[in-house]
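Student: To start, I am sharing the structure in question, which I have written as structure tokens.
The values are calculated or read from the model by the stated rules, or taken from the named source; none is laboratory data. All values reported here derive from a predicted model rather than from experimental measurement. Please note: Cβ atoms are built from the backbone with ideal geometry, for glycine as well, and neighbour counts cover all protein chains shown.
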Amino acid sequence: MSKKVETVMDKIVSLCKRRGFIFQSSEIYGGLSSIYDYGPLGAELKKNIKNFWWKWMVQSHANIVGLDSSILMSPRIWEASGHVEGFTDPLVDCKKCKHRFRADLLENMHVCPDCGGELTEPRQFNLMFKTHMGPVEENASIVYLRPETAQGIYVNFLNVLNSTRQKVPFGIAQIGKAFRNEITTENFIFRTREFEQMEMQYFVKPGTDTEWFEHWKKDRMEYYKALGIHSEKLRFQQHGEDELAHYAAAAFDIQYEFPFGWKELEGIHNRTDFDLKKHQEFSGKDLSYFDEECRERYIPYIVETSAGADRTVLTVLADAYEEQQLEKDKRTVLHFHPAVAPIKAGIFPLVKRDGMPELAHKITDILKPHYNVFYDAGGAVGRRYRRQDEIGTPFCITVDSETLENETVTVRERDSMQQERIKIDGLLMYLFNKIEKGD
Ligand code: ATP
């Protein structure tokens, strides 16, 4: 029997499990389909990615503020937004093998891609998870797990406006969980039923929306490049007239070339005044804004940038993964941007004597309050380098005999494998410059 060829995705999935980035949820119970847990390194990576986004979107703009709204909200919100009625995907079943598919993702809507059997007519399937609030399971107590974070921002528009002295144009940003009962899940953490979104909703004066849409389109592409993603693997994909969501006047996706093809990473949408108008209508609250500059009252238009945190984790992993053939051996490297690398530096005593472990521990103590660093004295230094390369640690600091004489250590850089000698008391600044400023 021929052995299945291991794809790049297989290798990434297995590295993620082996080194503690990502595990299948509920694994000891056989696993829960398309839900994942982040292990020690994955939790660091994802947290760093979310911080990178927050810094880029919120911290560096005086007119963008953060929000952390709840997952459970009034069910009226989902009626107003159109989700109760329209957040559906067309579901088809194979009459022969009983597999289920999303009809709009199939090349042929009549033939099963798995067994060639005949498919049923498409039925609309609502993707929202329903649950009940309170002790009685009746229709009046239905609540939904939010399928997007955006609505939490729209319904807090007035609260934020009244509490922050922001003026249009301004943005509200949020990172949070979203849930979709996806019909088909695919490709590891690419499409899951529980995931995190990083969304920014920018409120603008009607008529300036096209300009702002172009601004954010450009800015978001710059962001992925700053995150270190290969630019040739990023592209825009415009939604055609027939693909546009009911709320959108224009929509572009930023796509990444994953090992399984070009797929959406982020959506940038001109949502017009659709959302605020709907919430005004359903809530009966006036959501208009008085623009003091032009002495005009209007409902702002919204330009949305909506990225998946988990999808960015997968992008960063796929983009960083490399198997390198070196002169004498092979190494697997994750070329993470230092700002998102789970561990910033490995700290090694060259040998376990002559006071080297004590000094290496001392350096670990100096750096630990500022950066996630890892002390390792196990095995040959070459092996220790390889272990750190495989998890994307950008720097390895080694204490050797020279350290004992002149208080310098070697710092070995992951990608170039070049080493330089640095004073111990200059290490923190060295890391700061590399991690925060990319010097
Ligand atoms: P699709 O058409 O692929 O189902 P979508 O266009 O509905 O996706 P959006 O509603 O625009 O996606 O969501 C914004 C972002 O949220 C996506 O670009 C993606 O990064 C992320 N996202 C959406 N659904 C999922 C999911 N099931 N799993 C992981 N990330 C998701």
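Student: Residues that are away from the ligand (no atom under 14 Å from the Cβ), at least 3 per element: which helices (runs of 4 or more DSSP H) completely within segment 14-103 meet that?
Tutor: Correct list: 40-54, 75-80.
Per-residue answers, yes or no, for (1) within 28 Å of the chain's Cα centre (by Cα); (2) modelled with pLDDT of 90 or more:
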{"site": "Trp78", "(1), (2)": "yes, yes"}
{"site": "Lys95", "(1), (2)": "no, yes"}
{"site": "Arg102", "(1), (2)": "yes, no"}
{"site": "Val111", "(1), (2)": "no, yes"}
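Student: Then there's this: Being at pLDDT 95 or above and over 35 Å from the mean Cα position of the chain (by Cα) is the filter here, so list the residues in segment 293-304 that pass it.
Tutor: Residues of segment 293-304 that are at pLDDT 95 or above, as a first pass: 295-304.
The answer is Arg295, Glu296, Arg297.
Student: Right, something else. For segment 222-234, indicate whether the set of residues that are over 13 Å from the mean Cα position of the chain (by Cα) and on the phi > 0 side of the Ramachandran plot is non-empty.
Tutor: Scanning segment 222-234 turns up at least one residue that is over 13 Å from the mean Cα position of the chain (by Cα) and on the phi > 0 side of the Ramachandran plot.
Student: Could you list all residues from segment 190-233 that are more than 14 Å from the ligand (Cβ to nearest atom), touching a Ser or Thr at 6+ places or on another chain (Cβ under 9 Å) and among the hydroxyl-bearing types (Ser, Thr, Tyr)?
Tutor: Tyr202
Student: Of Lys225, Lys205, Lys263, which residue is out of contact with any Lys or Arg (no Cβ under 7 Å at 6 or more places or on another chain) and either β-branched (Val, Ile, Thr) or over 21 Å from Ala173 (Cβ atoms) (or both)?
Tutor: When all the criteria are applied, what remains is Lys263.
Student: Only one of (1) closer than 26 Å to Lys55 by Cβ; (2) within 16 Å of the ligand (Cβ to nearest atom); (3) among the hydroxyl-bearing types (Ser, Thr, Tyr) fails for Ser163. Which number is that?
Tutor: Every listed condition holds for Ser163 apart from (2).
Student: For Arg235, all conditions in the list (1) over 28 Å from Gln166 (Cβ atoms); (2) out of contact with any helix residue (DSSP H, G or I) (no Cβ under 7 Å at 6 or more places or on another chain); (3) free of Cβ contacts under 8 Å to residues at least 60 places away in the same chain; (4) crowded, with 20+ Cβ neighbours inside 10 Å hold save one; what is the number of the exception?
Tutor: (4)
Student: A further question on this structure: Restricting attention to segment 187-218, and to residues there that are without any contact (Cβ under 8 Å) to a residue 24 or more places away in the chain and of a type in the set (Asp, Glu), which single residue is surrounded by the fewest Cβ atoms within 10 Å (Cβ to Cβ)?
Tutor: Within segment 187-218, the match that is surrounded by the fewest Cβ atoms within 10 Å (Cβ to Cβ) is Glu211.
Student: Which of the following residues is within 16 Å of the ligand (Cβ to nearest atom) and assigned by TED's automatic domain parsing to the domain that holds Ala307: Asp242, Asp273, Asp291, Asp286? Talk me through it step by step, then tell me what you get.
Tutor: On the way: Asp273 fails: within 16 Å of the ligand (Cβ to nearest atom); Asp291 fails: within 16 Å of the ligand (Cβ to nearest atom); Asp286 fails: within 16 Å of the ligand (Cβ to nearest atom).
None of the others qualify; the one that does is Asp242.
Student: Here's something else I'd like to know. Among Ser81, Ser33, which is the only one that is in contact (Cβ under 8 Å) with a residue 60 or more places away in the chain and surrounded by 13 or more Cβ atoms within 10 Å (Cβ to Cβ)?
Tutor: Details: Ser33 fails: surrounded by 13 or more Cβ atoms within 10 Å (Cβ to Cβ).
None of the others qualify; the one that does is Ser81.
Student: If we keep just the residues of segment 245-270 that are surrounded by fewer than 20 Cβ atoms within 10 Å (Cβ to Cβ), closer than 20 Å to Gly86 by Cα and free of Cβ contacts under 8 Å to residues at least 40 places away in the same chain, which is nearest to the ligand (Cβ to nearest atom)?
Tutor: Ala245
Student: Still on this structure, please answer the following. On the basis of being crowded, with 21+ Cβ neighbours inside 10 Å, closer than 21 Å to His83 by Cβ and touching a helix residue (DSSP H, G or I) at 6+ places or on another chain (Cβ under 9 Å), does Val143 make the cut?
Tutor: It is false that Val143 is crowded, with 21+ Cβ neighbours inside 10 Å, closer than 21 Å to His83 by Cβ and touching a helix residue (DSSP H, G or I) at 6+ places or on another chain (Cβ under 9 Å).
Student: Quick check on segment 416-424. Is at least one of its residues crowded, with 17+ Cβ neighbours inside 10 Å, in contact (Cβ under 8 Å) with a residue 60 or more places away in the chain and not in a loop (DSSP other than H, G, I, E, B)?
Tutor: Scanning segment 416-424, I find at least one residue that is crowded, with 17+ Cβ neighbours inside 10 Å, in contact (Cβ under 8 Å) with a residue 60 or more places away in the chain and not in a loop (DSSP other than H, G, I, E, B), so the answer is yes.
Student: Here are some residues: Tyr371, Tyr430. Which one is hydroxyl-bearing (Ser, Thr, Tyr), touching a strand residue (DSSP E or B) at 6+ places or on another chain (Cβ under 9 Å) and not in a loop (DSSP other than H, G, I, E, B)?
Tutor: Result: Tyr430 is the single residue among Tyr371, Tyr430 that is hydroxyl-bearing (Ser, Thr, Tyr), touching a strand residue (DSSP E or B) at 6+ places or on another chain (Cβ under 9 Å) and not in a loop (DSSP other than H, G, I, E, B).
Student: Quick one: in segment 294-311, which of the residues that are within 11 Å of the ligand (Cβ to nearest atom) and farther than 20 Å from Gln238 by Cα is surrounded by the most Cβ atoms within 10 Å (Cβ to Cβ)?
Tutor: My answer is Asp310.
Student: While we're looking at this one, here's another question. Sort through Thr393, Thr410, Thr398 and tell me the only one that's polar (S, T, N, Q) and outside any strand (DSSP E or B).
Tutor: From the options Thr393, Thr410, Thr398, the qualifying one is Thr393.
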